[in-house]
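The structure under discussion appears below in the form of structure tokens.
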Amino acid sequence: WDMSGKKEISRDELSTYLHLPEKAVAKKLGICLTSLKKVCRQHGITRWPYRKLKSLDKRIHKLEASLTAGEGSPEEQQSLRDKLDALHKERKSLPYRPSGSAYNPADEDSAGSDGGGSDDEGK
């Protein structure tokens, strides 16, 4: 908390929540969504990366599962490895990302159980 009674939120603290939706993060931090967006802008985060991270992690997980199952010819396997490398590079190139979270379906369960509204809000 600073002298004006406002809670100071660091970039590092924010980075621990990037795997969660904005609403859930605001609730955990005890601030409204508008305040969270303001803090994000102050730290150079113009768009909350949750959906992009979730999408990339899901695609990575599916490709890894296909490779582990040994599906396809050696050429198809190499193509899958190339796609997987490209996805890992894209994830690392995101301007602001969590330190090392990987796709975890259990995260979706805990993120969705905040008791607030429908999933269609804000779309």
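The values are calculated or read from the model by the stated rules, or taken from the named source; none is laboratory data. Fair warning: this is a prediction, and the values are worked out from it, not measured in the lab. In this analysis, Cβ positions are derived from the backbone assuming ideal geometry, glycine residues included, and neighbour counts consider all displayed protein chains. Keep in mind that these areas ignore ligands, DNA and RNA; they rest on the heavy atoms of the full protein, side chains included. Shrake-Rupley method; radii C 1.70, N 1.55, O 1.52, S 1.80 Å.
Is it true that some residue in region 48-60 is of a type in the set (Ser, Thr, Tyr), modelled with pLDDT under 90 and on the phi < 0 side of the Ramachandran plot?
No, the conditions are met nowhere in region 48-60.
Suppose we keep only residues that are part of a loop (DSSP other than H, G, I, E, B) and among the small types (Gly, Ala, Ser) within region 70-79. Which one would you say is surrounded by the most Cβ atoms within 10 Å (Cβ to Cβ)? Please lay out each step first, then the result.
Just the residues of region 70-79 that are part of a loop (DSSP other than H, G, I, E, B), to begin with: 70-73.
After this cut, where a residue has to be among the small types (Gly, Ala, Ser) as well, the list is 70, 72-73.
Numbers: Gly70: 7, Gly72: 13, Ser73: 8.
Of everything passing the filter in region 70-79, Gly72 is surrounded by the most Cβ atoms within 10 Å (Cβ to Cβ).
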(request) Determine whether Lys27 is open to solvent by 60 Å² or more (accessible area, probe 1.4 Å) and in contact (Cβ under 8 Å) with a residue 12 or more places away in the chain. (result) yes
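Conditions (1) open to solvent by less than 30 Å² (accessible area, probe 1.4 Å); (2) more than 30 Å from Asp82 (Cα to Cα), marked per residue:
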residue: Glu8; (1), (2): no, yes
residue: Leu18; (1), (2): yes, no
residue: Leu36; (1), (2): yes, yes
residue: Ile45; (1), (2): yes, no
residue: Lys58; (1), (2): no, no
residue: Lys62; (1), (2): no, no
residue: Thr68; (1), (2): no, no
(message) Within region 14-33, does at least one residue satisfy the condition of being modelled with pLDDT of 90 or more and among the acidic types (Asp, Glu)?
(response) yes
